[in-house]
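Have a look at the structure below before the remarks.
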Amino acid sequence: MSKIRVLADHVANQIAAGEVVERPASVAKELVENSIDAAASRIEIEIEAGGRRLLKVSDDGEGMVRDDAVLAFERHATSKISATDDLAAIATLGFRGEALASIASVAKVELVTSSDEAKAGTKVIIEGGRMRDVKDAAHPRGTTITVRELFFNVPARRKFLRSEATETFHLTNLVTHYALAHPEIAFTFTNNGREVVRASAAKDLRERAYQIFGEEFLENLLEVNGGHPEVVRVMGYVSAPRDRRTSRDSQYLFVNRRFVRDRMIGRALSEGYRSILPHGVYPAALLFIETPLEEVDVNVHPAKTEVRFRRSAAVADAVRDAVRSALAAAGYVQEDRGVARRSLDVETQSASAAAVNQSTARIPEPVPVTVPVFEAPPVAQEQHQSRMEFVALIESVEEALDEKEVSREVAVKDLPLESEPGREPVAVTSAVKLPKASLLPPLNSAEKFAHEVTPESLSANIRPLGQLEESFIIATDDEGLLLIDQHVAHERVLFDKYRTLEAERRSESQQLLVPETFDLTPAQAAVFDQLAPELENYGFDLMRLSGRTVAIKATPADLPAGEARNMLFELLETVDPEKKNSARETLRDEIAASLACHAAIKVNMPLAPEKMRWLIDRLLQTSSPTTCPHGRPVILRLKTKDILKGFHRI
Ligand code: ADP
Ligand code: MG
């Protein structure tokens, strides 16, 4: 007897649902995408009990006639594509025609819809994949889909749902994404009867980001606008280097306005920050990548959150360069000549690139790069406000974290943040509320008086006065008093020097009288072979002796002989030598940063006045005098104005 049977439709649908409907947020994703595809100008999302009890999406889009409303629940029923060729250029968010069928197979669904064509609206009721009722019903133009008791007939799936708070977090995150991708659509999001997001139609991404994240978040963003004509355009915003996260949660990435999770784009973004953000620290980003439809395959995963690019290296380059240019425009790095040339090309973009551009979230006027304005507390309010708390910097890190949290909470006070005892802690989208651990404090907010110096506020008129704790140079400039971290300042100077010499193939070496030998572990040995040629470009002369023993015969100039070994060990443990092409640049930066760190003046070291003068002069000539190659601030400033305030003189 034959054993193979074709599965009944409702079984097949439930299996498909396993891929499409992972949790309430994935249901919301499909419904919101359908509303966007239906050209809605208003989308309302309503949930109860984390979307398990109720999940309702209502739109004013084109709606459906009765036959379509019934057909919509059939598997592979779609109005969006009809032939294989269509798959090559998908302009809609949906195209697989399986979302509604999948959702209806694992929940109790009611659809009410009305279109301009039909006289009466239609209501369809379908439960666990079984059609219960189809009848006339009143509804303004558009569609409302109500999904109740998700997974009521699949206990195994229900068990995998997380707490209400977690599911609500995912739903909030999702709504945030779509609201950002479609500023022209009005969004509301209601949780357990409470409206938590209300964003009216906005004129551009900037206005929408303001509606959602508030002013503070926006003020610290740099505008990105770059790419290559015909291949890819990259637009949006990224955070300044001082704003740091230890996860990628605050990176909102979109490809042709489809929200994606893409490691390649994430990596390219990080590479844009090479030499100003350390490893394991991530910028916040709202990045829109626009490519001609045939350049990207969206049919990679049932949930459509992964994409494949035809020319992925070109996309990665474009992202990295666009981000780099944004940082350069704000004075955080020097623009590579290559990047400058390419962005010129962008200005004379071809008609097709212009067409791509048209379909994107428009970003009209350039974002002014604003530095967080330091506000001294009102004089009478705080007793300690006149203490000059330079050295309380480290102590107040905790405090800064708290402050940061408070201020973010204020901005999003309407989001579902309440956590009751016994409940899992609420994690709301981290761009909105950052969990403590994911944020390295920007040091400027840690300090009541001294704050990080921005590149544009630096003048050549810096006069060193002396040292604090033999670690920080005390100096003055036209705006006030400066503290310069001598170690990181020298790191920046050396980093630029090593990098330039290497790029120009002019690295200088110092021969060791007696070569120093050391042994590698097998893992280190593998890395070593890859790394050695790069190291030699920096002035190392390394010889692999028998087995896994290495001899250092010469080291780069300025690197104390005793540091060479430590530095090599550190590099062998941390770098990924497999890096190719553009990532090679990152590897070279890592080597230069490590060399700079080991060769730089240490803290707790007395400096003669001439040495301080020399260091400051050299620092000012570097590509980024205000941040060290690891992304830390180099200079803090106490403004004269604040000193006067502190002494109650103004
Ligand atoms: P897909 O979006 O991949 O086509 P779905 O199962 O999500 O598949 O939807 C099936 C069809 O139902 C869509 O192609 C569309 O014609 C119709 N549809 C679904 N939701 C809406 C809506 N909100 N407004 C108008 N039509 C809709
Ligand atoms: Mg769909």
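The values are calculated or read from the model by the stated rules, or taken from the named source; none is laboratory data. None of the values given here were measured: they were computed from a predicted structure. Virtual Cβ from ideal backbone geometry, glycine too; neighbours counted across all protein chains shown. Surface areas here come from the heavy atoms of the whole protein model, side chains and all, with no ligands, DNA or RNA. Shrake-Rupley method; radii C 1.70, N 1.55, O 1.52, S 1.80 Å.
Of all residues in the stretch 632-650 being open to solvent by 60 Å² or more (accessible area, probe 1.4 Å) and among the aliphatic types (A, V, I, L, M), which is nearest to the chain's Cα centre (by Cα)? Among those that are open to solvent by 60 Å² or more (accessible area, probe 1.4 Å) and among the aliphatic types (A, V, I, L, M), it is Leu644.
Inside the stretch 126-157, residues that are part of a strand (DSSP E or B) and open to solvent by 40 Å² or more (accessible area, probe 1.4 Å) make up a count of 9. Restricting the search to the stretch 276-303, which residues are closer than 20 Å to Thr176 by Cα, of a type outside the set (Phe, Trp, Tyr) and in contact with a strand residue (DSSP E or B) (Cβ under 7 Å, 6 or more places away or on another chain)? Those that are closer than 20 Å to Thr176 by Cα, of a type outside the set (Phe, Trp, Tyr) and in contact with a strand residue (DSSP E or B) (Cβ under 7 Å, 6 or more places away or on another chain): Pro283, Ala284, Ala285, Leu286, Leu287, Ile289, Glu290. Counting only strands (runs of 3 or more DSSP E) that fall entirely inside the stretch 453-501 and contain at least 3 residues that are touching a Cys at 6+ places or on another chain (Cβ under 6 Å), of a type in the set (Val, Ile, Thr) and at pLDDT 95 or above, no element qualifies. All of (1) within 13 Å of ligand 1 (Cβ to nearest atom); (2) of a type in the set (Asp, Glu); (3) not in a helix (DSSP H, G or I) hold for Glu46 with one exception: (1).
For the stretch 20-41, a residue qualifies if it is away from ligand 1 (no atom under 12 Å from the Cβ) and over 26 Å from the mean Cα position of the chain (by Cα), and exactly one does: Ser41.
If only residues of the stretch 90-109 that are open to solvent by 50 Å² or more (accessible area, probe 1.4 Å) and away from ligand 2 (no atom under 13 Å from the Cβ) are counted, the one that is nearest to Val27 (Cα to Cα) is Lys108. Among the residues of the stretch 503-562, the ones that are of a type in the set (A, V, I, L, M, F, W, C) and part of a strand (DSSP E or B) come to 10 in all.
Are any of the residues in the stretch 54-62 open to solvent by 40 Å² or more (accessible area, probe 1.4 Å), at pLDDT 95 or above and within 32 Å of the chain's Cα centre (by Cα)? Quick ask: steps written out before the conclusion?
If we filter the stretch 54-62 for residues that are open to solvent by 40 Å² or more (accessible area, probe 1.4 Å), which is where we start, we get 56, 62.
From what's left, at pLDDT 95 or above: 56, 62.
From what's left, within 32 Å of the chain's Cα centre (by Cα): 56.
Yes: one or more hits.
For Ile474, the test of being aliphatic (A, V, I, L, M) and open to solvent by 20 Å² or more (accessible area, probe 1.4 Å) is passed. Any residue at all in the stretch 276-283 that's within 18 Å of Ser325 (Cβ to Cβ), buried (at least 22 other Cβ atoms within 10 Å of the Cβ) and either within 10 Å of the chain's Cα centre (by Cα) or among the hydroxyl-bearing types (Ser, Thr, Tyr) (or both)? Yes, some residue in the stretch 276-283 is within 18 Å of Ser325 (Cβ to Cβ), buried (at least 22 other Cβ atoms within 10 Å of the Cβ) and either within 10 Å of the chain's Cα centre (by Cα) or among the hydroxyl-bearing types (Ser, Thr, Tyr) (or both). Being within 16 Å of Val175 (Cβ to Cβ), within 16 Å of ligand 2 (Cβ to nearest atom) and assigned to a loop (DSSP other than H, G, I, E, B) is a property that Ala40 has.
Quick grid of which residues meet (1) of a type in the set (Asp, Glu); (2) away from ligand 1 (no atom under 11 Å from the Cβ); (3) touching a Pro at 6+ places or on another chain (Cβ under 8 Å):
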{"position": "Leu71", "(1), (2), (3)": "no, no, no"}
{"position": "Glu74", "(1), (2), (3)": "yes, no, no"}
{"position": "Lys80", "(1), (2), (3)": "no, no, no"}
{"position": "Gly94", "(1), (2), (3)": "no, no, no"}
{"position": "Ser102", "(1), (2), (3)": "no, no, no"}
{"position": "Lys108", "(1), (2), (3)": "no, yes, no"}
{"position": "Ala120", "(1), (2), (3)": "no, yes, no"}
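Of the residues making up the stretch 7-14, one or more are assigned to a loop (DSSP other than H, G, I, E, B), free of Cβ contacts under 8 Å to residues at least 12 places away in the same chain and over 33 Å from the mean Cα position of the chain (by Cα). The residues in the stretch 1-50 that are in contact with an Asp or Glu (Cβ under 7 Å, 6 or more places away or on another chain) and open to solvent by 70 Å² or more (accessible area, probe 1.4 Å) can be counted, and the count is 2. Taking the criterion of being open to solvent by less than 20 Å² (accessible area, probe 1.4 Å) and touching a Phe, Trp or Tyr at 6+ places or on another chain (Cβ under 7 Å), would at least one residue in the stretch 65-79 satisfy it? No: zero hits. Here Arg162 meets the list (1) in a helix (DSSP H, G or I); (2) more than 28 Å from Ala39 (Cβ to Cβ); (3) open to solvent by 30 Å² or more (accessible area, probe 1.4 Å) almost entirely, failing just condition (1).
For the stretch 211-226, filtering for residues that are open to solvent by 10 Å² or more (accessible area, probe 1.4 Å) and assigned to a strand (DSSP E or B) leaves 2. Reported count of residues in the stretch 599-623, each being open to solvent by less than 80 Å² (accessible area, probe 1.4 Å), at pLDDT 90 or above and under 31 Å from the mean Cα position of the chain (by Cα), is 3.
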